[in-house]
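Notes follow the structure.
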Amino acid sequence: MLSREARLDDPSSRLFVEQAIDLLCLQLVRGHSCFGALTVEEPRGGLADWQVKRVTAYMREHLEEEIGLDELAATVNLSRFHFCTAFRRATGQTPHQWLVNLRIAQARQLLAMPELPVTEIALSVGYQTPSAFAAAFRKVTAITPTEYRRALLSDGAGDLSSSKQGRHP
C-alpha cells in the first residue's frame, strides 16, 4: 500500500507516505532498541488553537501545491513527528485527512460554478489528475464530483444529504 501511494502523482499522497514512514520508524525504534525500555514522560497536549489556524491557513494558501509535513511543522516550529502527534490530538485527524477535507470543501464550492470544468477544479485544489480528484471526492462525499454538481444544479440539495458527514476543517 505504501509503495502504491508513493507512486501516485497526488500531492496529498506525499503527506500520507511521510506519516506512514514516521510511524514505521517509531515502531522500529520502540521494538528494536533500548529506547522502548525508557520511561516516557507524560504526553503534551495537542496544538493550540492559533497553531491549528496557522497550519490551516497555510494549507488553504497552498491548496493547489504539493504540501509536505516538514513545511507544515515549520509553520508552528515543531519537528515533523511532534507536529503529527500534536495535530492529531488537536483536530482528531491527521494532517493528510485535514488537507483532503480542505481540498474537497473548496472543490464543493467550485463545483457550484457550471462554467468551470471538473478537470480545472481538480487542478486548482491540488490534484494532478481528474481520477485522483474523483477518488478523493468520492471517499469524502460518497458521490463523484459530477454527481455532486448535477445534484447541485438540479436544485437537489436533498440529494446531497446522503454524502458522508464528518468533521471538516
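Throughout, read-outs are computed from the coordinates displayed, never taken from laboratory work. Owing to the predicted nature of the structure, the values given are computational and were not obtained by experimental measurement. Cβ: placed from backbone, ideal geometry, glycine included. Neighbour counts: every protein chain shown.
Placing +1 on each Lys and Arg Cβ and -1 on each Asp and Glu Cβ, with no other charges, gives segment 104-161 a dipole about its Cα centre of roughly 200 debye.
Applying a DSSP loop filter and a limit of 10 other Cβ atoms within 10 Å to the GluC sites (Glu not before Pro) in segment 76-162 leaves E115.
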